[in-house]
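Notes follow the structure.
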Amino acid sequence: MDDRVRRHHGLTVSEFDRFVDAQRDESDWELVDGEVVMMTNPTENHEQIAGNIGAPLKLAMDAAGCRSYQGGMRVQRDEDGRGRDKPKPDIVVRCGPRQNRTFVTDPLVIVEVLSPSTMDRDRGPKLSFYKSLPTLRHIVLAYQDQMRVEHDRREGDGWVCDVLTAPDDVLRLDAVDFAIDLGRIYFDVPVLRPIVGG
């Protein structure tokens, strides 16, 4: 979840890092298309959905020798500080040797849990940035207010979007050999459910 901070436009990643280092409080920030965005506290539904995906995904990735980070890792294109994006997704998966940095440049999977205040940004400039990352294979956008997951997966040189809306629909992250159904993703979350029958 986030709120736009309009006074900081056109920053690079290096300038954003200096901005974050200069902050004297516990506020959390991300950089989206050169704009500094303050992240706000998530709702219970947001955290439940993120946890329902993140917990089993972490167990699977630990067993596979990969790493899954929930809510604490920013993503940038490379180590060059001239980029204009450094978002902080709800979940990031990467494989490869440990780098022990505060950001990831080689994500395989990114998950964002949407809310009304973030939806336009998450489905707009952040999604465009994610699709430009060469290592990324899966982008998952999970809605809070309805049982709906939009799964963008890389196929060849392009992206294909699957929309999942039923409890038995299965989200498959083939690049990391992981699958979970929407019933599990939305466990204990009061959302609009699809009408069955009738």
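The values are calculated or read from the model by the stated rules, or taken from the named source; none is laboratory data. Keep in mind the model is a prediction, meaning the values are calculated, not measured. Please note: Cβ atoms are built from the backbone with ideal geometry, for glycine as well, and neighbour counts cover all protein chains shown. Areas reflect the complete protein model, heavy atoms only, side chains present, ligands, DNA and RNA absent. Shrake-Rupley method; radii C 1.70, N 1.55, O 1.52, S 1.80 Å.
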Subject >> segment 78-129, subset out of contact with any Asp or Glu (no Cβ under 7 Å at 6 or more places or on another chain), basic (K, R) and in a loop (DSSP other than H, G, I, E, B), residue most open to solvent (accessible area, probe 1.4 Å) >> reply: R82
**OP:** Can you run down the residue pairs with Cβ atoms below 6 Å, 6 or more apart or on separate chains, where the first is in segment 13-40 and of a type in the set (D, E, K, R) and the partner is loosely packed, with under 13 Cβ neighbours inside 10 Å?
**Re:** E35/H9
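Looking at T165, is it touching a Lys or Arg at 6+ places or on another chain (Cβ under 6 Å) and polar (S, T, N, Q)?
So T165 fits the description; yes.
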Original post:
Does R98 count as basic (K, R) and touching a Cys at 6+ places or on another chain (Cβ under 9 Å)?
Top reply: no
Subject >> Residue count, segment 18-76 (criterion: more than 21 Å from P116 (Cα to Cα) and outside any strand (DSSP E or B)) >> reply: 26
**OP:** Name, by its number, the condition in (1) part of a strand (DSSP E or B); (2) surrounded by 20 or more Cβ atoms within 10 Å (Cβ to Cβ) that does not hold for W159.
**Re:** (2)
**OP:** Kindly check whether there is at least one residue in segment 179-191 that is open to solvent by 30 Å² or more (accessible area, probe 1.4 Å), touching a residue at least 60 places away in the same chain (Cβ under 8 Å), in a loop (DSSP other than H, G, I, E, B) and of a type in the set (D, E).
**Re:** yes
